[in-house]
Amino acid sequence: MVGKVTRSIEDRFHEKVTKTNSCWIWSAGHRNPKGYGGFWLNGRNHAAQRISWLLFRGEFDQKLRVLHKCDTPSCVNPLHLFLGTDSDNLRDAAQKGRMPKGERNGNSKLTADQVRLIRKMPSNNYGEIKKIAVRFGIDRTQVYNIIKRRQWKHV
């Protein structure tokens, strides 16, 4: 009787990848709604870019994220990946213009027009800043930061 043939992890991985001139696209395996690949290993689903790093670059601190230089979520090319913390990931996203600003940020309480209005309003003292904060339903610190262009810099 012939035993079960087991494919290596590397073979299983490569079966799910379409290599282009630059990116290796995770094309045959599971992808989440954001486009990141998933690879089933040892009874659970793992991020495909993490498996790529392990296969081609080696072990790494599991607290770190595997980030993309190319900004293609489905890419698993180890040359397009780098390790970083959550803070590195946020900084990378901001530098590449992928962080929603202003009204596009789901947590925003203000519109760009309201920010422009706040900047035109008298705000020379604590009382005026407090009135603005109450009127727009925001914190006094936020009003101050908007006026000083520490927040809403793009408006």
* With each label point set 7 Å from Cα along the Cα-Cβ vector, what nm distance links His46 and Arg98? -> 2.2 nm
* Give me the distance in nm between label points sitting 7 Å out from Cα along the Cα-to-Cβ direction at Glu128 and Thr18, one decimal. => 6.0 nm
* Asked: Å³ per residue of the Cα convex hull, for region 78-155?
  -> 104 Å³
* Asked: How large is ³J(HN,Hα), in whole Hz, for each residue of region 139-146 in order, when computed from phi with the Karplus curve 6.51 cos²θ - 1.76 cosθ + 1.60 and θ = phi - 60°, using x for Gly and Pro?
  -> 7, 4, 4, 5, 4, 4, 5, 5
* Structure fact -> Helix 86-95 sits off the longest principal axis of the Cα atoms of the chain, rounded to the nearest 10 on a 0 to 90 degree scale, by 70 degrees
* Asked: Among the lysines, which fall within straight-line cross-link reach of Lys19, defined as a Cα-Cα distance under 26 Å, with same-chain neighbours fewer than 8 residues apart omitted?
  -> Lys34, Lys69, Lys96
* **the chain: calculated mean residue ellipticity at 222 nm from DSSP helix runs of at least 4, using -39500 (n - 2.57)** => -10000 deg cm²/dmol
* To do: List every residue whose amide H lies under 5 Å from the amide H of Trp24, counting only residues 5 or more places away in sequence or on a different chain, with H placed 1.01 Å from N in the peptide plane.
  => Val76, Asn77
* To do: Pop out the ³J(HN,Hα) list for region 42-47 in order, Karplus 6.51 cos²θ - 1.76 cosθ + 1.60 with θ = phi - 60°, rounded to Hz; leave Gly and Pro as x.
  => 6, x, 8, 8, 10, 5
* Using only alpha carbon positions, build the gyration tensor of the chain, then give the equivalent ellipsoid semi-axes as the square roots of 5 times its eigenvalues, largest first, whole angstrom. => 49, 14, 14
* Hey, got a sec? Which trypsin sites (Lys or Arg not before Pro) in region 86-154 land in a DSSP loop and have at most 13 other Cβ atoms within 10 Å? -> Lys96, Arg98, Lys109, Lys148, Arg149, Arg150, Lys153
* Structure fact -> Restricting to lysines and to Cα separations under 28 Å from Lys130, and discarding same-chain partners fewer than 8 apart, the set is Lys101, Lys109, Lys120, Lys148, Lys153
* Asked: With the Cα gyration tensor of region 17-102 giving a ≥ b ≥ c as the square roots of its eigenvalues, does the rule (a/c under 1.5 for rounded; else a/b larger than b/c for prolate; else oblate) give rounded, prolate or oblate?
  -> prolate
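The numbers here are math on the coordinates, done by the rules we state, and not lab data. Keep in mind that this is a model prediction, so the values were computed, not measured. As a convention, Cβ positions derive from the backbone with ideal geometry for all residues, glycine included, and neighbour counts pool all protein chains shown.
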